[in-house]
Amino acid sequence: MTTLSPSGYVDAFARDHLPPAEQWPTLEFTTEALQYPARLNAGAELIDVPVQRHGPDRRALMTPDGAVWTYGELLDRANQIAHVLVEDLGLVSGNRVLLRSPNNPWTVAAWLGVLKAGGIVVTTMAALRSNELVPIHARTRPGIALVDHRFVDDVLKAARLSEEAMTIVAYGGDTADDLTRRAAGKPTDFTAVDTAADDVALFGPTSGSTGVPKITMHFHRDLLAIDDTFGRGVLALEPTDVVSCSAPLAFTFGLGMLVVFALRAGACTLLTEAATAAQLADLVQEHGVTVLATAPTAYKQILKAGKAAQLASLRRAVSAGEHLPVETWTELEQSLGLRVIDGIGATEMLHIFISAAGDQIRPGATGRPVPGYRATILDVHGNEVAPGVEGRLAVIGPVGCRYLDDERQLAYVVNGWNVTGDTFVKDEDGYFWYRTRTDNIIVSSGYNIGGPEIEAVLNTHPDVVEAAVVGEPDPDRGAIVCAFVVLRDGVADDGETATALQDHVKARLAPYKYPRDVRFVSALPRNTSGKLQHFKLRETFTNRTDA
């Protein structure tokens, strides 16, 4: 049985909605760095401790327009936001606070302020539409939302569609009740709430293959554990580093790189709200970035755009979100001497758990288990297989999958192992080699996209009889969303109709989910019982021949 410490929360929602202990994965704390005290507030650990260690005047956050926040300023603003939450908005410890914003300094301050005030952060991407926010809101029940003023409308719509009340406070605008103005009048000191190390600090929505979001639950200690494993054991940031990452803070990949790892190291983060791969390369050069983290797609596009030289300031580069092709790795190594750190993580595991750096890298392999983790390959029956045999990747470490009230917990955790949905091979030396996904998640440019979610939206279009969505291999993005569509009689199967269907999806889902390839067919393949056979649609790509 899993024994939890006495909670520091008044609101017991998170504890009450953890999965039953018998459904938890095995948790292991096998290194000295992973021994945590029973009481721990990650907000204080991530900003108060660095200020004490490195001083308040060190640069913490930068933006491309030249804005700079020091560690002391970030601490002050986080504390002021904590006061607003508790004194003005009535936050009770254990309450959930939804955040929605692109990557900017006020979002980091709000994230830290929520943790210090004893709230649970529900970070959502600014790209999500209102109908995508509704199930997240319904599952996590946040009473407060702190939202960048440019992205309030979808939150307002989601709140109207949901049964739970939510106070929405905008920031970065010019209204009298803007969070930044409220915070300006508050004290700059705040004593962090005395939370348990195993109190939930973060609800992380993840893409579900059915389109219904799974909500991962992460403890205060988990936020430190990912740094005490991958952050310090592989990435090894230094206080002089300038770190940039293209992933949103709502992706735990971005959260780790831009907030957790950088702040604990006393480094500086360059926050970018939106940038193409070529623009990202220019920003690396302009701002002297020394550590970059992005998806393989971005590295490929940087090379294709002839921008590799702009990465000359990097001493570390991290690739995650999808498989890194060995050709891309080799070109960067040959042109810059840059040995890109590949890695695989999962929202359920919070960050990267298999990786390698420096001389430990084997080009083409994802790596070996990060110190603090162990991994294996399982067959369909949940048994470990021998080296060289393909199977399901499974991992155990100091963090693990805990879904909020979700029967899919039973599929992700098998005999104590976290089973990620990826097919790998382990070699005799313990290196893991990626093969494919084992579920119907489409990984495109580092984004996880659930095909059934797009199918459901396409099927609401009046011209669509039925639709099926699969991933189509793509040399630049790894995969793109491909929709096979059966149209009603009389509708032209032309480019105008394809564009209309793409726009239909963009209007209802985050734009990165739309089908870049729309193919019209007379019927979809089904078995004798009527079940749609997605694998036959995927064979369209594997069986085709190029002229």
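The values are calculated or read from the model by the stated rules, or taken from the named source; none is laboratory data. What you are looking at is a predicted structure, and each value in this text was computed from that prediction instead of being measured. A quick note on method: Cβ atoms are made from the backbone with ideal geometry, for glycine too, and the neighbour counts reach across all protein chains shown.
In the range 94-120, the residue that is farthest from Ala262 (Cα to Cα) out of those that are part of a strand (DSSP E or B) and touching a Lys or Arg at 6+ places or on another chain (Cβ under 8 Å) is Arg96. When the range 462-513 is filtered for residues that are in a helix (DSSP H, G or I) and among the small types (Gly, Ala, Ser), the ones remaining, listed by number, are Gly495, Ala498, Ala500.
Taking Ala44, is it at pLDDT 95 or above, more than 30 Å from Arg508 (Cβ to Cβ), in contact with a strand residue (DSSP E or B) (Cβ under 7 Å, 6 or more places away or on another chain) and of a type outside the set (Val, Ile, Thr)? No: the conditions fail for Ala44.
Of the candidates Val193, Val284, Val259, the single residue that is crowded, with 22+ Cβ neighbours inside 10 Å, in a loop (DSSP other than H, G, I, E, B) and either touching a residue at least 24 places away in the same chain (Cβ under 8 Å) or in contact with a helix residue (DSSP H, G or I) (Cβ under 7 Å, 6 or more places away or on another chain) (or both) is Val193.
Of everything in the range 514-539 that is part of a helix (DSSP H, G or I) and charged (D, E, K, R), the residue that is surrounded by the fewest Cβ atoms within 10 Å (Cβ to Cβ) is Glu539. Summed over the range 437-449, residues that are in contact (Cβ under 8 Å) with a residue 60 or more places away in the chain and either closer than 19 Å to Phe541 by Cβ or out of contact with any strand residue (DSSP E or B) (no Cβ under 8 Å at 6 or more places or on another chain) (or both) total 8. Residues considered: Val465, Val457. Of these, the only one that is at negative phi and buried (at least 16 other Cβ atoms within 10 Å of the Cβ) is Val457.
Checking the structure you have, find out if any residue of the range 400-418 is basic (Lys, Arg) and either in a strand (DSSP E or B) or within 29 Å of Gly337 (Cβ to Cβ) (or both). No, the range 400-418 contains no residue that is basic (Lys, Arg) and either in a strand (DSSP E or B) or within 29 Å of Gly337 (Cβ to Cβ) (or both).
Which of the following residues is surrounded by fewer than 22 Cβ atoms within 10 Å (Cβ to Cβ) and either modelled with pLDDT of 95 or more or under 15 Å from the mean Cα position of the chain (by Cα) (or both): Ala265, Ala274, Ala236, Ala201? Testing whether each residue is surrounded by fewer than 22 Cβ atoms within 10 Å (Cβ to Cβ) and either modelled with pLDDT of 95 or more or under 15 Å from the mean Cα position of the chain (by Cα) (or both) leaves just Ala236. Test Thr290 against the criterion of being crowded, with 24+ Cβ neighbours inside 10 Å and either closer than 29 Å to Ala456 by Cβ or not aliphatic (A, V, I, L, M) (or both), and give yes or no. So Thr290 does not fit the description; no.
With respect to being surrounded by fewer than 23 Cβ atoms within 10 Å (Cβ to Cβ) and either assigned to a helix (DSSP H, G or I) or more than 25 Å from the chain's Cα centre (by Cα) (or both), Gly364 falls outside the description. One residue stands out in the range 411-463 among those that are under 19 Å from Ala375 (Cβ atoms) and small (Gly, Ala, Ser): the one that is farthest from the chain's Cα centre (by Cα), namely Gly430.
Residues that are polar (S, T, N, Q), free of Cβ contacts under 8 Å to residues at least 40 places away in the same chain and in contact with a helix residue (DSSP H, G or I) (Cβ under 9 Å, 6 or more places away or on another chain) are absent from the range 287-309 altogether.
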